[in-house]
Number of protein chains: 2
Amino acid sequence: MSRKNNIYPNKEGCPVEFTLDVIGGKWKGILFYHMIDGKKRFNEFRKICPSITQRMLTLQLRELEADGIVHREVYHQVPPKVEYSLTEFGRTLEPIVLQMKEWGDANREALEARRSNSLLKEQQK
Amino acid sequence: MSRKNNIYPNKEGCPVEFTLDVIGGKWKGILFYHMIDGKKRFNEFRKICPSITQRMLTLQLRELEADGIVHREVYHQVPPKVEYSLTEFGRTLEPIVLQMKEWGDANREALEARRSNSLLKEQQK
DNA sequence: CTGCATCCTGTGGGATACTG
DNA sequence: CAGTATCCCACAGGATGCAG
């Protein structure tokens, strides 16, 4: 997902992979989703997903920012305050993310059952 | 992306992340996309994306199969022949993948320009 | 509060060789 | 043709500490 050392990724030029490179990062989906209904602050994200580390939160937000998906508004005050919001460009991804949410809602339960099932089979060997 | 050692991933239960876990693997998008217009054989995939290794191709296809997204049809003959196709369940992801393709087509050029631009700035420091 | 720097570990994933 | 099996290491990503 990092691309610094990967100036010409996706040699085959697959547009699907390209989109996934933008939004498919480990936490980008959930971060994006929670910005749909408005700007969020750094620690709000931490509350939403407690298992993300500070480091990863920063990194993922910075990648989204570098791709022009999110806007980072810094308030120079004490204590500092930073707000993240979707850019107009980022909004063009909104329908895709919303569809992913719907699909996830509709299918997670069934799929998790299937997964733990195949796990059982593996362990029975 | 691997889930074997991760029975309860996505503790926060974010459906977006869940969908990404299913289709967001490094090669799953492109593999899925090329199955939309019909079944594909192992080596067809290798021609489509020459930079994927056999190992990764196998692993990614197996995960898609384990999630019930693709069907794996084995013909017991010499030489062997295996065909991969989308299941009915897998087809429910089709609109999402197609949208990702469209978005990628529409925005890749601009985004790659932006990326190499920020790379230049970094190097000038 | 919102980060960045550093260190360290686990593992994703490449290269290569072998097989039904 | 369509895979396994091994080896191996770069890098993703966690933990911790410091800073504006």
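The values are calculated or read from the model by the stated rules, or taken from the named source; none is laboratory data. Predicted, not measured: the structure shown is a model, and the values here were computed from it. Cβ: placed from backbone, ideal geometry, glycine included. Neighbour counts: every protein chain shown.
Taken as a whole, the structure leaves A:Lys81 outside the set of residues that are at the interface with chain B (Cβ under 10 Å from one of its Cβ atoms) and within 11 Å of DNA strand C (Cβ to nearest atom). Within region B:4-15, none of the residues are within 7 Å of chain A (Cβ to nearest Cβ), modelled with pLDDT of 90 or more and not in a loop (DSSP other than H, G, I, E, B). Cβ separations smaller than 7 Å between residues 6+ apart or across chains give the following pairs from region B:19-31 residues that are within 8 Å of chain A (Cβ to nearest Cβ) and touching a residue at least 60 places away in the same chain (Cβ under 8 Å) to residues that are within 14 Å of DNA strand D (Cβ to nearest atom) and in a helix (DSSP H, G or I): B:Gly29/A:Leu20. Looking across region A:20-57 at every residue that is β-branched (Val, Ile, Thr) and surrounded by 13 or more Cβ atoms within 10 Å (Cβ to Cβ), the one that is farthest from DNA strand D (Cβ to nearest atom) is identified as A:Ile36.
On the given criteria, is B:Leu111 assigned to a helix (DSSP H, G or I), within 19 Å of A:Val16 (Cβ to Cβ) and modelled with pLDDT of 95 or more? Judged against the criteria, B:Leu111 is not a match.
Of all residues in region B:33-62, exactly one satisfies the criterion of being part of a helix (DSSP H, G or I), touching a residue at least 40 places away in the same chain (Cβ under 8 Å) and within 11 Å of chain A (Cβ to nearest Cβ), namely B:Tyr33.
One residue stands out in region A:44-70 among those that are among the β-branched types (Val, Ile, Thr) and near DNA strand C (Cβ under 10 Å from one of its atoms): the one that is farthest from A:Gly25 (Cα to Cα), namely A:Thr53. Using the structure shown, decide if B:Glu88 is of a type outside the set (A, V, I, L, M), within 16 Å of DNA strand C (Cβ to nearest atom) and closer than 30 Å to A:Ser116 by Cα. Considered against the rule, which asks whether it is of a type outside the set (A, V, I, L, M), within 16 Å of DNA strand C (Cβ to nearest atom) and closer than 30 Å to A:Ser116 by Cα, B:Glu88 comes out as no. Of the residues making up region B:87-108, those that are more than 18 Å from B:Asp21 (Cβ to Cβ), in contact (Cβ under 8 Å) with a residue 12 or more places away in the chain and buried (at least 17 other Cβ atoms within 10 Å of the Cβ) number 1. A:Glu73 meets all of the listed conditions (1) within 16 Å of DNA strand D (Cβ to nearest atom); (2) outside any strand (DSSP E or B); (3) at pLDDT 90 or above; (4) over 22 Å from B:Gly24 (Cβ atoms) but one, namely (2).
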